Ligand SMILES: NC(=O)C1=CN([C@@H]2O[C@H](COP(=O)(O)OP(=O)(O)OC[C@H]3O[C@@H](n4cnc5c(N)ncnc54)[C@H](O)[C@@H]3O)[C@@H](O)[C@H]2O)[C@@H](O)CC1
Ligand SMILES: Nc1ncnc2c1ncn2[C@@H]1O[C@H](COP(=O)(O)OP(=O)(O)O)[C@@H](O)[C@H]1O
Ligand SMILES: [K+]
């Protein structure tokens, strides 16, 4: 059993891959062995996370997830806990492993109740796991609702019941802890997954997964120590093109983020002609007209507060910039113009798109709900279409590129849901590109770093985008 910490990458396996792993492992093990291991792991974890909990409600469902719960119930009962089992389903319709666990439960004299309990100290959610295929209803919905509404902590087995393992969608139990079995599933880390799952634990049940991962949970960048004999020319030049009238702040945020994020030199090309010759408080930023910049040799973040004006410079920026980050209004302009889409596809140089779900929906010609319905797939599809790295922002930001395994970022939290933090990310990615040989890695590490700054935020201090940019120090 491992606690899932975010200081290292983890492989993630979706439903189909996990089922193959399970079948292969089951074929080489004695009957019921996997479920017995799962039940013991859950019971041990229950003791560890809630050592003083006496009354334990194990809410079991009609499949093998319920079987895991039944196995756990037998151990907890034997260890002296006041266990109550409920079964949302019929005992004679349980699949074979779960039916075996049911028999053991009855033989051990574990109390089984018809009605849901009214008070308990620890809830164990064994209603549904990988087999969750439609919204919870009837007895499952009733048990899930009661367990989630209680102040007592919930330990979910494999997945919070109702959560889709692949997409992180679905109305589900809200757990304080989830123990993922055999594999870690992508849906635990994106969409609604983070809020539903709580703290994550992983038990491989003694099975080494030979399947290629469906996705990767991103880890931090290796520490990059700047050589003493370093100079600004080695650390990348970044230009931010954006900041149309009334939106200068977005471009300034991206530029300051690039600077604090480690860029050697940063230019700001405001689209507001009345902007002035310098950025108050930031003498390090060099204000230039966009068409006076050596785009062919620098990293460009384009779009931040660009308004409609940014569309006019996109043909030149797309064809000339050495490294390019496209954000916000640049993405909207591309979504509205097929010829810009074609120029993007043919760029042939490192390019990162940083859409939030609505911008991604515009680029894909679909709805935000469709994008959020399967964030991994949406990011991958957009990457394939645009031939670029895609950073699909939100809880569990997805980073994808054509022909590669996508990753999900584990850092960041709801504090980032405030205006301008996306501009900060765009500037940070633009700063990362020139000092990396791999745009996908550069983007993933920048996203990780952006979220980690929010995770490490000092208590009692407001998180604003400007303050976030200033905290992006290199060490
Ligand atoms: N077979 C084994 O030995 C092992 C099973 N494991 C457990 O088994 C789980 C997968 O088991 P299953 O494939 O049986 O799937 P589940 O236990 O998740 O549930 C599937 C059952 O629920 C029904 N169902 C799905 N959604 C429903 C809804 N909304 N309303 C009513 N009924 C619904 C399905 O028709 C099916 O009968 C894993 O998540 C894991 O917890 C693991 O412990 C590994 C070992
Ligand atoms: N709940 C959350 N969890 C993690 N990251 C979040 C959350 N909400 C927002 N973010 C991050 O904050 C940033 C917001 O970007 P965006 O939506 O473009 O905002 P803006 O346009 O105001 O800058 C993105 O990096 C996004 O991933
Ligand atoms: K469950």
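The values are calculated or read from the model by the stated rules, or taken from the named source; none is laboratory data. A quick note: this is a predicted structure, and the numbers were derived from the prediction, not measured. When we count neighbours, we look across all protein chains shown, and the Cβ atoms used for this are built from the backbone with ideal geometry, even at glycine.
General observations
- When the helices (runs of 4 or more DSSP H) confined to the stretch 365-475 are screened for residues that are within 26 Å of residue 222 (Cβ to Cβ), those reaching at least 2 such residues are found at 375-386, 421-432, 439-455, 465-470.
- Answer residue from the stretch 148-159, given it is near ligand 3 (Cβ under 9 Å from one of its atoms) and in a loop (DSSP other than H, G, I, E, B) and is surrounded by the fewest Cβ atoms within 10 Å (Cβ to Cβ) among those: 158
- In this structure, residue 446 qualifies as within 21 Å of residue 301 (Cα to Cα) and surrounded by 23 or more Cβ atoms within 10 Å (Cβ to Cβ).
Quick grid of which residues meet (1) touching a helix residue (DSSP H, G or I) at 6+ places or on another chain (Cβ under 6 Å); (2) modelled with pLDDT of 95 or more; (3) not assigned by TED's automatic domain parsing to the domain that holds residue 380:
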{"site": "184", "(1), (2), (3)": "no, yes, yes"}
{"site": "193", "(1), (2), (3)": "yes, yes, yes"}
{"site": "204", "(1), (2), (3)": "no, yes, yes"}
{"site": "207", "(1), (2), (3)": "yes, yes, yes"}
{"site": "217", "(1), (2), (3)": "no, yes, yes"}
{"site": "225", "(1), (2), (3)": "no, no, yes"}
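- A single entry from 233, 206 fulfils the requirement of being on the phi > 0 side of the Ramachandran plot and in contact (Cβ under 8 Å) with a residue 12 or more places away in the chain: 206.
- Selection status of residue 136, crowded, with 18+ Cβ neighbours inside 10 Å and at pLDDT 95 or above: yes
- Residue selected from the stretch 308-317 under the condition crowded, with 17+ Cβ neighbours inside 10 Å and without any contact (Cβ under 8 Å) to a residue 60 or more places away in the chain, by the criterion nearest to residue 433 (Cα to Cα): 314
- Test for residue 403: is it out of contact with any helix residue (DSSP H, G or I) (no Cβ under 6 Å at 6 or more places or on another chain), modelled with pLDDT of 95 or more and at positive phi: yes
- In the set (1) touching a helix residue (DSSP H, G or I) at 6+ places or on another chain (Cβ under 9 Å); (2) surrounded by 17 or more Cβ atoms within 10 Å (Cβ to Cβ); (3) more than 28 Å from residue 191 (Cβ to Cβ), residue 293 fails one condition alone, (1).
This table checks each residue for (1) within 16 Å of ligand 2 (Cβ to nearest atom); (2) in a loop (DSSP other than H, G, I, E, B).
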| residue | (1), (2) |
| --- | --- |
| 117 | no, yes |
| 124 | no, no |
| 132 | no, yes |
| 146 | no, no |
| 161 | no, yes |
| 164 | no, yes |
| 174 | yes, yes |
| 212 | no, yes |
| 219 | no, yes |
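- Only one entry in 326, 358, 331, 353 is surrounded by fewer than 16 Cβ atoms within 10 Å (Cβ to Cβ) and within 22 Å of residue 424 (Cβ to Cβ), namely 358.
- Selection status of residue 240, assigned to a strand (DSSP E or B) and either within 24 Å of residue 382 (Cα to Cα) or in contact (Cβ under 8 Å) with a residue 24 or more places away in the chain (or both): yes
- Residue match in the stretch 114-128 (condition: within 13 Å of ligand 1 (Cβ to nearest atom), over 20 Å from residue 15 (Cβ atoms) and touching a strand residue (DSSP E or B) at 6+ places or on another chain (Cβ under 9 Å)): yes
- Residue 95 vs. criteria without any contact (Cβ under 8 Å) to a residue 40 or more places away in the chain, within 16 Å of ligand 3 (Cβ to nearest atom) and over 31 Å from the mean Cα position of the chain (by Cα): yes
- Qualifying residue in the stretch 19-37 (condition: away from ligand 1 (no atom under 11 Å from the Cβ) and surrounded by 15 or more Cβ atoms within 10 Å (Cβ to Cβ)): no
- Residues (under 35 Å from the mean Cα position of the chain (by Cα) and part of a helix (DSSP H, G or I)) located in the stretch 277-293: 290
- Of the criteria (1) in a helix (DSSP H, G or I); (2) under 15 Å from residue 430 (Cβ atoms); (3) touching a residue at least 60 places away in the same chain (Cβ under 8 Å), which one residue 305 fails: (1)
- So residue 269, is it surrounded by fewer than 20 Cβ atoms within 10 Å (Cβ to Cβ) and farther than 24 Å from residue 449 by Cα: no
- Scanning the stretch 334-346 for residues being in a loop (DSSP other than H, G, I, E, B) and crowded, with 17+ Cβ neighbours inside 10 Å gives a total of 0.
- Counted as qualifying within the stretch 1-87 are the helices (runs of 4 or more DSSP H) with 3 or more residues that are touching a helix residue (DSSP H, G or I) at 6+ places or on another chain (Cβ under 6 Å), namely 33-49, 64-78.
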